[in-house]
Number of protein chains: 4
Amino acid sequence: MLARIAHVYRRNVMTSRTARSLRGDFPHLHLITTRWHDNDVYGHVNNVQYYAFFDTVVNQYLLKRHVLDFERGEVIGLVVETACQYFEPIAFPEIVIAGLRVARVGNSSVRYEIGLFRGEASDTLDVFSASNAPAIAEGHFVHVYVDRLNRRPKSLPAALREALEAIQSAS
Amino acid sequence: MLARIAHVYRRNVMTSRTARSLRGDFPHLHLITTRWHDNDVYGHVNNVQYYAFFDTVVNQYLLKRHVLDFERGEVIGLVVETACQYFEPIAFPEIVIAGLRVARVGNSSVRYEIGLFRGEASDTLDVFSASNAPAIAEGHFVHVYVDRLNRRPKSLPAALREALEAIQSAS
Amino acid sequence: MLARIAHVYRRNVMTSRTARSLRGDFPHLHLITTRWHDNDVYGHVNNVQYYAFFDTVVNQYLLKRHVLDFERGEVIGLVVETACQYFEPIAFPEIVIAGLRVARVGNSSVRYEIGLFRGEASDTLDVFSASNAPAIAEGHFVHVYVDRLNRRPKSLPAALREALEAIQSAS
Amino acid sequence: MLARIAHVYRRNVMTSRTARSLRGDFPHLHLITTRWHDNDVYGHVNNVQYYAFFDTVVNQYLLKRHVLDFERGEVIGLVVETACQYFEPIAFPEIVIAGLRVARVGNSSVRYEIGLFRGEASDTLDVFSASNAPAIAEGHFVHVYVDRLNRRPKSLPAALREALEAIQSAS
């Protein structure tokens, strides 16, 4: 129902695209278990938590690829813009699958796009079957990479760029 | 420095407006104290927490105006879209002042705009002097109001509409 | 190292027991994925988050057993006491396995004991092999059940009592 | 009502002390504003958040006294034990006043005691009148200080010890 509302709302009011991404659109997937207090007084995961899921899949991917050293790395990714569109509610104890793709790699910046999907009972931590399931929410993160010390923009290190291009969307 | 980076980034890459709102642009202000664990491994308030501040000032205003009854109200405001631009970092134990204005009131939807400002030492909980300080971050929340039971969009109740129009921005 | 420190500390200063529980001591297990911002400025999961894990496994068990209806249930479990001892740090993106047992069932109260364990790479969401791994942290929750409306203590409903006794520890 | 329940419960079941501390028992006070999502599905601040308040007042005091340098300090305070007793619920948008005292200073460890109090409408950020108000919750934190690098227990630095003794309780 929220999906339909959101659709009607967007058709009438907003200029942003209305097509929901599919799970198969995201080359990297990460499973996130919900927690009791993700739910707010309305009994569904609070809108703020979606960004915690976004932040988690971005950093999990970078750590997995060994291109994020948050203690000693020479560059830091500063978040300069985030956004999220909400299509369907989800609630504890449901499982979330976070999909990640890179939409644009600049000289010192990256635009990540994230889709959140409802987990299925058979999901395990390591195996995700491809799926046509539409996102329950999707959004983006823009990072600008800067020197840890002087905080000036720096070109992306080669290893980071390689990891980003590995999950860059075709379009 | 983040402000300058963000500015350069936006000038080069993005189409969104680059002018930062001022504290005086927001008719409703609410003080928020930061917490130890708002800071992330980089020692600044994590990007996700900004949305907790947004959510807090929106609901604080509605509760203050007695137009939000989250236990028994006949309508519920579903969040369908949120976004934030980050201009300057802030860190615990600094104080945040959250400004709120309403940008658009539709039949069953509202677009809130929020600006976050660095608190000053002399701030108290009830008194805010007008200020030309620029926002350290700003963003928006779009709520669609629906019937609590059948979740279909409903016209905004008169009292809610009145409270929203009281902080509607001129433009 | 934290384990040894904690041990020395407890031997010298505290009266509480020093033996760490084992994963096999907990009849109910629930897997929890860590999140980027569970980590604090020191790069490990912040002490507060452990209680979010406790709260999650308790409620997950009750929901799984269909004895918690947080929207319409006639009784509510009020938390009157919680505590945690920390033995070893853990950090995102590690996985936590939360173990739950019931230590005492009173007329209207329950004492839950929770142990947290480091997840293993082969863990899936549904299958946990028994293990002799010691807890990285453990603690307890005391709930008193009250009438939702008048908030007076109520005897535990039969179905709830049955679910609790199913994971009651032998001792 | 929760206070009475908790009292009855403790009288019957627990061995811990039942006397609630008063605001005047805490030499250091810090004001904390609640947030929308501190509330859980039951409409009150979730039990986990109380520990976020504890963590906040401890670190706020240490930062204020300039004895916590979480980026470069040679010693780190590891949390080895925390606990909380809950006497009365509180809910957003209420204000919390966190009181802090030091119960015991060892060679390399500290036991902090924290009391949480309901804020009053006239509270400002800097001024707290003494009060006989009883705590709505209270608990403790035990920190063991270790060398940042090798994580072995270290004697408390003199400046830290001085700051701790300044708020040590008489008993």
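The values are calculated or read from the model by the stated rules, or taken from the named source; none is laboratory data. Every value quoted in this text rests on a predicted model; they were computed, and no experiment measured them. No Cβ is skipped: glycine too gets one built from the backbone with ideal geometry, and neighbour counts run over all protein chains shown. Accessible surface is based on the protein model in full, side chains and every heavy atom, while ligands, DNA and RNA are left aside. Shrake-Rupley method; radii C 1.70, N 1.55, O 1.52, S 1.80 Å.
You will find that of B:27, B:93, the residue that is under 15 Å from the mean Cα position of the chain (by Cα) and away from chain A (no Cβ under 14 Å) is B:27 and no other.
Could you please find all residues in segment A:1-52 being hydroxyl-bearing (Ser, Thr, Tyr) and modelled with pLDDT of 90 or more? Steps first, answer last, please.
Step one: list which residues in segment A:1-52 are hydroxyl-bearing (Ser, Thr, Tyr), which gives A:9, A:15-16, A:18, A:21, A:33-34, A:42, A:50-51.
Those that are hydroxyl-bearing (Ser, Thr, Tyr) and modelled with pLDDT of 90 or more: A:21, A:33, A:34, A:50, A:51.
None of A:53, A:70 is assigned to a loop (DSSP other than H, G, I, E, B) and either over 18 Å from residue A:161 (Cα atoms) or not β-branched (Val, Ile, Thr) (or both) except A:70. Would you confirm whether any residue within segment A:73-92 is among the charged types (D, E, K, R), over 19 Å from residue B:80 (Cα atoms) and at pLDDT below 95? Yes, there is a match, as at least one residue in segment A:73-92 is among the charged types (D, E, K, R), over 19 Å from residue B:80 (Cα atoms) and at pLDDT below 95.
Check segment A:68-76 and report whether any residue there is farther than 28 Å from residue C:60 by Cα, of a type in the set (Phe, Trp, Tyr) and in contact (Cβ under 8 Å) with a residue 12 or more places away in the chain.
To start, the set of residues in segment A:68-76 that are farther than 28 Å from residue C:60 by Cα comprises A:68-76.
Retained after the next criterion (residues that are of a type in the set (Phe, Trp, Tyr)): A:70.
Filter once more, so that each one left must be in contact (Cβ under 8 Å) with a residue 12 or more places away in the chain: none.
Within segment A:68-76, not a single residue is farther than 28 Å from residue C:60 by Cα, of a type in the set (Phe, Trp, Tyr) and in contact (Cβ under 8 Å) with a residue 12 or more places away in the chain.
Considering only residues in segment D:75-85 that are more than 23 Å from residue B:34 (Cα to Cα) and facing chain C (nearest Cβ under 8 Å), the one that is least open to solvent (accessible area, probe 1.4 Å) turns out to be D:80. Residue D:100: assigned to a strand (DSSP E or B) and at pLDDT 95 or above, yes or no? The answer is yes for residue D:100. Scanning segment C:33-52 for residues that are more than 7 Å from every other protein chain (Cβ to nearest Cβ) and either crowded, with 24+ Cβ neighbours inside 10 Å or under 22 Å from residue A:93 (Cβ atoms) (or both) gives C:34, C:38, C:45, C:49, C:50.
Total residues in segment C:58-74 satisfying the condition of being crowded, with 19+ Cβ neighbours inside 10 Å and over 14 Å from residue D:41 (Cα atoms): the figure is 5.
Does residue B:99 count as open to solvent by less than 10 Å² (accessible area, probe 1.4 Å), over 30 Å from residue A:73 (Cβ atoms), more than 8 Å from chain A (Cβ to nearest Cβ) and among the small types (Gly, Ala, Ser)? Full working, then the answer.
Details: open to solvent by less than 10 Å² (accessible area, probe 1.4 Å): yes; over 30 Å from residue A:73 (Cβ atoms): yes; more than 8 Å from chain A (Cβ to nearest Cβ): yes; among the small types (Gly, Ala, Ser): yes.
When the stated conditions are applied, residue B:99 passes them.
Residue B:148 falls short on exactly one of the conditions (1) modelled with pLDDT under 95; (2) among the charged types (D, E, K, R); (3) within 18 Å of the chain's Cα centre (by Cα), and that condition is (3). Every condition in (1) at pLDDT 95 or above; (2) open to solvent by 10 Å² or more (accessible area, probe 1.4 Å); (3) charged (D, E, K, R) holds for residue A:55 except the one numbered (2).
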